[in-house]
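The structure under discussion appears below in the form of structure tokens.
The values are calculated or read from the model by the stated rules, or taken from the named source; none is laboratory data. Please read all numbers here as calculations on a predicted model, not as lab measurements. Cβ coordinates were reconstructed from backbone atoms using ideal geometry, including for glycine residues, and neighbour counts include every protein chain displayed. Ligands, DNA and RNA are stripped out before the accessible areas are found, and what is left, the full protein with its side chains, is counted by its heavy atoms. Shrake-Rupley method; radii C 1.70, N 1.55, O 1.52, S 1.80 Å.
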Amino acid sequence: MNKKWYACEMHCHTLHSDGDFSVSGLIETALARQLDGIQITDHNAVSAHAEVIDPPIAVLKSIEWTTYFGHMHAMDCKKDVDWRDALPDNIDEKMRAVHEGGGLVGVCHPFQLGTPICTGGRWDYNVKDWSLVNYMEIWSEGCPFMNTPNRRALDLWHSLLDKGYRITPTFGRDWHRSTKDVYHSACTYLLCEGDTLTDSAMKRAVNEGRTVISMGPLFSFNIGESTLGDEIEAGEHEIEFTLSFERMEKMKVPERVKPEVIRIITKGGERVKEVSPAYPRTAITLKANSWYNAELWGTIDGKRDCLIALTAPLYTKGEI
């Protein structure tokens, strides 16, 4: 079955917690933004799920555990796992329970500065086994610029990849309302099978590491038949990039972004190579037991040297 990229918003709130959106209003706004799927993640609440009936887009039903020690997504968990007694030293046990319920675990905005209303937005849990974390929100709140929280989240993600943990990167708008929502084209792209997106396909793409976080354009790469989330042999390869503004053109905002350089990144955040977006292919030598992802940098609304898009990694074989 052919695979296709779908634009999704992975962090949404409704009136069932502290959002301004009704469930139907959230879906209608997502449609207007050319989104193919959303994940509803109300704070400590699942009551919105009952209002999702035959939606025109894919809707993944999840919950955001909101505690004093951090916020965590329990994605599509079929088991009622009590978040109220989650503590810094028992979080591994709690994450295992989410997995036992068929869910995935996502760390939300790990370095969020927080407000008096949003106490605990910073991740302070003592994770002993990071393999229990399926994905991490390394870019949050609609900001395409590498501010301090996003930069620290990116550095944490790199350090975990270096240790052999295969954690999928996501963007989360933490979408409560559209007021002052300037960068409305930002999204997470998911690579899924089929011509119609489903909630189960969204979940599978995150689990398999097939994501791109982006200001708007679709940006990805492949090496032969292998792509993001795959594992391949080390050695000499040709890498081919994909860059599409189709969704942004539909939203009438493509001129806001000007790609200028592609950077290939590996262990330690090292830049292996820089190439021009005008040349979609280049040769590359991949080392064993490593990871490689690509970043698209350029100008956004006249501001230079901005991160426009970032892919999940492709991995090379070797001992972890």
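Tabulated data
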quantity	calculated
Share of carbon and sulfur in the accessible heavy-atom surface of the chain [1.4 Å probe, %]	48 percent
Region 245-320: GluC sites (Glu not before Pro) in DSSP loop, at most 11 other beta carbons within 10 Å	Glu319
Region 1-37 versus region 63-90: alpha-carbon centroid distance in Å	22 Å
Built amide H within the under 5 Å cut-off of Trp123, gap 5+	Phe111, Gln112
Estimated D of region 54-147 in µm² per second, where Rh is the Kirkwood radius over Cα pairs and Stokes-Einstein applies at 4 °C, 1.567 mPa s	93 µm²/s
Accessible area of region 252-292 divided out per residue, in Å², using a probe of 1.4 angstrom	56 Å²
Thr168 long-range amide H proximity, modeled H, under 5 Å	Tyr135, Met136
For region 195-266, diffusion coefficient by Stokes-Einstein and Kirkwood Rh (Cα), 25 °C, 0.890 mPa s, µm²/s	169 µm²/s
Candidates per trypsin sites (Lys or Arg not before Pro) in region 251-320, loop by DSSP, up to 12 other Cβ within 10 Å	Lys252, Lys317
Distance from region 275-320 to region 212-273 (C-alpha centre basis), Å	6 Å
Across Lys163/Lys303; Lys128/Lys287; Lys273/Lys303; Lys3/Lys252, pairs whose alpha-carbon gap is larger than 31 Å	Lys163/Lys303
Peptide ranges 176-188, 49-61 listed from the most packed, as the mean C-beta count within 10 angstrom indicates	176-188, 49-61
Relative packing of 83-94, 197-208, which averages over residues the other C-beta atoms within 10 Å, highest first	197-208, 83-94
Read-out Rg/Rh (Cα atoms, Kirkwood Rh), derived from the coordinates shown; its label in (i) 0.97; (ii) 0.99; (iii) 0.94	(iii)
Among beta bridges that DSSP assigns inside the chain, antiparallel share in %, nearest 5	75 percent
Within region 98-238: Cβ-based charge dipole about Cα centre, in debye rounded to nearest 20 (Lys, Arg +1; Asp, Glu -1)	780 debye
Å² per residue, accessible surface of region 48-167 at 1.4 Å	45 Å²
Accessible surface, per residue, of region 172-227 when the full set of protein chains is kept, probe 1.4 Å, Å²	36 Å²
Radius, Kirkwood style, for region 28-78 when every pair of distinct Cα atoms is counted (Å)	11.9 Å
Residues with amide H under 5 Å from that of Leu60, placed H, sequence gap 5 or more	Ile38, Gln39, Ile40
Equivalent-ellipsoid semi-axes of region 165-320, from the Cα gyration tensor, Å, largest first	26, 20, 14
